[in-house]
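Read through the structure below, which is laid out as structure tokens, and then see the notes.
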Amino acid sequence: ILNVEQSPQSLHVQEGDSTNFTCSFPSSNFYALHWYRWETAKSPEALFVMTLNGDEKKKGRISATLNTKEGYSYLYIKGSQPEDSATYLCAFRGSNYKLTFGKGTLLTVNP
Amino acid sequence: SQTIHQWPATLVQPVGSPLSLECTVEGTSNPNLYWYRQAAGRGLQLLFYSVGIGQISSEVPQNLSASRPQDRQFILSSKKLLLSDSGFYLCASQTGGFSYEQYFGPGTRLTVT
């Protein structure tokens, strides 16, 4: 059974704060690491797909890094806004068609 | 990009009743299709995936089954629902290589009473 861990489980920040959270995954049989944002009452939305050790990806104020050798990825949000409030999911893909998801980090940004 | 349709959005069913959830995909062909469930307090769990018509792989032993009668149609079924089948069910589609993202549908909230 693959173990994908996300921390913290939940996070409350003030508008304008920068924040980051962690996804830990198996370092063997790695193929890709996915990040999704899941807002209440909406579908999970893909943020990044990362495949190479040392990858850094950025979309607006959100960025992510990847370390496949030690099995972790960080997601950063710069200058958090209330609309960033959502659950952030990471998912590990090994050498098959399947994604194994973590339980997510619930981010709440207070205005 | 792909669009995933799921219905119904919410469903309340008694224990022992049958279930049929449908998922259809637009904007792509020959996708890999997935059914996930999120039970209360848990992460997204993969239930079934399909790489083609009539090809279904089951991830966990359970009370559910899946079918793929057409290229862009994926159906989740049960003959007799259990209380433990309650949860949020998501259909997802993925096209291309392993590095491509999955697109998710809006989900169905199932409550078994």
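The number of residues in the stretch B:18-40 that are open to solvent by less than 20 Å² (accessible area, probe 1.4 Å) and more than 14 Å from chain A (Cβ to nearest Cβ) comes to 2.
Can you find even one residue in the stretch A:84-100 that is among the hydroxyl-bearing types (Ser, Thr, Tyr), more than 13 Å from every other protein chain (Cβ to nearest Cβ) and either assigned to a strand (DSSP E or B) or without any contact (Cβ under 8 Å) to a residue 24 or more places away in the chain (or both)? So far as the stretch A:84-100 goes, no, none of its residues is among the hydroxyl-bearing types (Ser, Thr, Tyr), more than 13 Å from every other protein chain (Cβ to nearest Cβ) and either assigned to a strand (DSSP E or B) or without any contact (Cβ under 8 Å) to a residue 24 or more places away in the chain (or both).
Of all residues in the stretch A:18-54, those satisfying the criterion of being facing chain B (nearest Cβ under 8 Å), assigned to a loop (DSSP other than H, G, I, E, B) and not β-branched (Val, Ile, Thr) are A:31, A:42, A:43, A:44. For residue B:68, the stated conditions do not hold, so it cannot be described as outside any loop (DSSP other than H, G, I, E, B), open to solvent by 60 Å² or more (accessible area, probe 1.4 Å) and within 14 Å of chain A (Cβ to nearest Cβ). Every listed requirement among (1) within 11 Å of chain A (Cβ to nearest Cβ); (2) in a loop (DSSP other than H, G, I, E, B) is met by residue B:45 save one, (2).
The residues of the stretch A:60-80 that are assigned to a strand (DSSP E or B), open to solvent by less than 50 Å² (accessible area, probe 1.4 Å), within 25 Å of residue A:95 (Cα to Cα) and not polar (S, T, N, Q), listed by number, are A:64, A:66, A:75.
Every listed requirement among (1) assigned to a loop (DSSP other than H, G, I, E, B); (2) more than 10 Å from every other protein chain (Cβ to nearest Cβ) is met by residue A:57 save one, (1).
Among the residues of the stretch B:89-110, those that are surrounded by 15 or more Cβ atoms within 10 Å (Cβ to Cβ) and over 11 Å from residue B:4 (Cα atoms) comprise B:89, B:95, B:98, B:101, B:108, B:109, B:110.
The values are calculated or read from the model by the stated rules, or taken from the named source; none is laboratory data. If you're wondering where the values come from, they're calculated on a predicted model, not measured in any experiment. Here Cβ is always computed from backbone atoms with ideal geometry, including for glycine, and neighbour counts include all displayed protein chains. Calculation scope for accessible area: heavy atoms of the full protein, side chains included, ligands and nucleic acids excluded. Shrake-Rupley method; radii C 1.70, N 1.55, O 1.52, S 1.80 Å.
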